[in-house]
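Heads up: the structure comes next, in structure tokens.
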Amino acid sequence: MRRNAGTLKMVPLLAVLILGQVLVQPGWCSDTSHDDAAAPKHPGCDNPFELVKVRNWVDGDEERDYVGISARFGTLVEDVEQQAHSAPLTLADPLSSCSYSSKKLTGQIVLVERGNCTFTTKAHVAQAAGAIAILIKNNKEELYKMVCDNNDTYSDIHIPSVMLPKSAGSTLENALLAGKRVKVLLYSPHRPVVDVAEIFLWLMAVGTVLCASLWSAWSAKEAANEHYRRLKEIPESFWNEEKEEEKDVIDINIASALLFLVLASVFLVLLYLFMSDKFLLVLIIVFCIGGVEGLQTCLVALLSRWFPCAGGMYVNVPYFGAVSALTLLVSPFCITFATLWAVYRHISFAWIAQDTLGIALIITVLQIVRLPNIKVSTVLLSCAFFYDIFWVFISPYIFKESVMIVVARGDKTGGEGIPMLLKVPRIYDPWGGYSIIGFGDILLPGLLVSFALRYDWETRKSVVKGYFLWTMIGYGIGLFVTYVALNLMDGNGQPALLYIVPCTLGTIVLLGWWRGELKALWNKGETQKLSSGSSTNTA
């Protein structure tokens, strides 16, 4: 397939791919317990906010669990399920629980509605009636943080208070109004420090970069050999006329690297401001198109190696011209695969298909898009470095919340985030969910790692004396440090490129400077063809 499009053709694709580059915990971007410096604290009203699991049984049948959040005041919820005890659930009378009544709630958990009085007043009323805990149904789906006012009395509250989303509270309320027996159990389990999913995701990311780099370098070597062969067989004048038509890779330049940052930022803001279910559907369609192209490219490349005769067969297709027979063979499978993922993307094992499409797409992009030298690499990765930091850490001062994290966790689409990421279900996490990594955290460092391997092959450097091995190790360390920071920061979303860029770009720059080869890396990059004795300028 011939590609004569310029570098700017790939910029919108890169802008979409980088949107998944925040590495966050699944669901809400925090651990099960966190503090909030902005929320007021007082003695007796200084509890951390904890996510709370609400198990419930209706007429003896267990229903799905709900998730709430505890208050600043009162006692904390048990963190071990075996130490918590189930109790009957009842409705408050009055439902707002703003005034005392003769209804006794001894040994029961009471469900109340938000509004008409302070949260501490509701807790006092429930406690006085003998309740052992209070569930407050919010008037929205969000989990509101219950704090204390300056004039509140809160030091004498000794029962836990938990806020529930509106839908969860309404389901429990309707069951009670229908005369059903409802029992609930409240506990707040802690997440494990390390889950197997994070290890598997690390291996997936490193393996993707490794495979893409090897393919990119091997393709460059084959192209160089073909170039050398044609120089010997075809007069130079004819070769110069056809050279641009046969170029099937796109070299990023400084201008496109800067434009990439601008387009990525603009598109991210658009997602933040206008994200909706329809907008998400468009992104899913775009992802499927890219995934089909990526999966098709990878399968055709593999089958061409195994069946070289079939790889050289072409069929004339109307409007498309000559198309590889292998492409026609695998295209229906790829389209069906992506369509089935889009339709059934909410089932438990759909992540396997999403990761397959995503890895194929990343490998294909790294095969097509290349960095010509360290100068362009420095501009691109430095832009991405500050892009990540700004939209994760600085944007809350402008937009009152982290734009990148809001988009990544899908706040405006019912918790379904954009599909431009790899994810693995957390196996030993009692809260479930996924460990995820955005495409940008693999794709952008992968461009540099691929360049390092091509440069090593071009200059015939050994593994130890080259740059690929050390840049690859730097990527693995940078990704590992990201996970460490994620856990040390109580699960708050981290910009992975904050750690990956110094470990990759810093490694190759410092190593090049130490060896006295930085000038060659900076200005030339691919200046020599990979075939024996050939030397042409392609920069």
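The values are calculated or read from the model by the stated rules, or taken from the named source; none is laboratory data. The structure presented is a predicted model; accordingly, all values stated were derived computationally and were not measured. We place every Cβ from the backbone using ideal geometry, glycine too, and count neighbours over all the protein chains shown. Remember, those area values only see protein heavy atoms, side chains included, never the ligands or the DNA or RNA. Shrake-Rupley method; radii C 1.70, N 1.55, O 1.52, S 1.80 Å.
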For this session: Please state which of the following conditions K375 fails to meet, knowing it meets all the rest: (1) open to solvent by less than 20 Å² (accessible area, probe 1.4 Å); (2) more than 28 Å from P192 (Cα to Cα).
Result: (1)
For this session: Please specify each residue of the stretch 44-83 satisfying the condition of being of a type in the set (D, E), closer than 16 Å to E173 by Cα and open to solvent by less than 60 Å² (accessible area, probe 1.4 Å).
Result: D65
Seminar exercise, completed: Among helices (runs of 4 or more DSSP H) entirely within the stretch 224-328, at least 2 residues that are among the charged types (D, E, K, R) and at pLDDT 80 or above occur in 277-306
For this session: Would you mind finding the one in L19, L14, L8, L23 that is modelled with pLDDT under 65 and surrounded by fewer than 16 Cβ atoms within 10 Å (Cβ to Cβ)?
Result: L8
For this session: Return a yes/no flag: does the stretch 324-335 have any residue that is of a type in the set (A, V, I, L, M, F, W, C), open to solvent by 20 Å² or more (accessible area, probe 1.4 Å) and under 29 Å from the mean Cα position of the chain (by Cα).
Result: yes
Exercise. Could you list, in sequence order, the residues of the stretch 479-514 that are closer than 28 Å to P192 by Cα, over 16 Å from the mean Cα position of the chain (by Cα) and open to solvent by less than 40 Å² (accessible area, probe 1.4 Å)?
Worked result: V501, C503
For this session: Hey, could you check the stretch 138-161 for residues that are under 20 Å from E78 (Cα atoms) and modelled with pLDDT of 85 or more and say which is most open to solvent (accessible area, probe 1.4 Å)?
Result: H158
Seminar exercise, completed: Selection from the stretch 84-97 of residues open to solvent by 40 Å² or more (accessible area, probe 1.4 Å) and free of Cβ contacts under 8 Å to residues at least 40 places away in the same chain yields D93, P94, L95
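Output the residues belonging to the stretch 441-478 that are out of contact with any Cys (no Cβ under 8 Å at 6 or more places or on another chain), among the small types (G, A, S) and either free of Cβ contacts under 8 Å to residues at least 40 places away in the same chain or surrounded by fewer than 24 Cβ atoms within 10 Å (Cβ to Cβ) (or both).
Hits for the stretch 441-478 are S462, G466, G476.
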Seminar exercise, completed: How many residues of the stretch 415-437 are buried (at least 16 other Cβ atoms within 10 Å of the Cβ), more than 8 Å from the chain's Cα centre (by Cα), farther than 18 Å from A342 by Cα and among the aliphatic types (A, V, I, L, M)? The answer is 0
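When the residues of the stretch 380-407 are filtered to those that are β-branched (V, I, T) and under 14 Å from L497 (Cβ atoms), which remaining residue is nearest to the chain's Cα centre (by Cα)?
So the residue we want is V392.
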Seminar exercise, completed: Condition set in contact with a Ser or Thr (Cβ under 9 Å, 6 or more places away or on another chain) and either surrounded by fewer than 19 Cβ atoms within 10 Å (Cβ to Cβ) or at pLDDT below 90 (or both), scope the stretch 162-184, selection nearest to L111 (Cα to Cα): answer is L176
Problem set entry | Test: I359 is of a type in the set (A, V, I, L, M) and either surrounded by fewer than 19 Cβ atoms within 10 Å (Cβ to Cβ) or under 17 Å from the mean Cα position of the chain (by Cα) (or both) | yes
Exercise. In this structure, does N139 turn out to be within 16 Å of G115 (Cα to Cα), polar (S, T, N, Q) and part of a loop (DSSP other than H, G, I, E, B)?
Worked result: yes
For this session: Output the residues belonging to the stretch 186-208 that are open to solvent by less than 60 Å² (accessible area, probe 1.4 Å), of a type in the set (A, V, I, L, M, F, W, C) and farther than 13 Å from R426 by Cβ.
Result: L186, M204, A205, V206
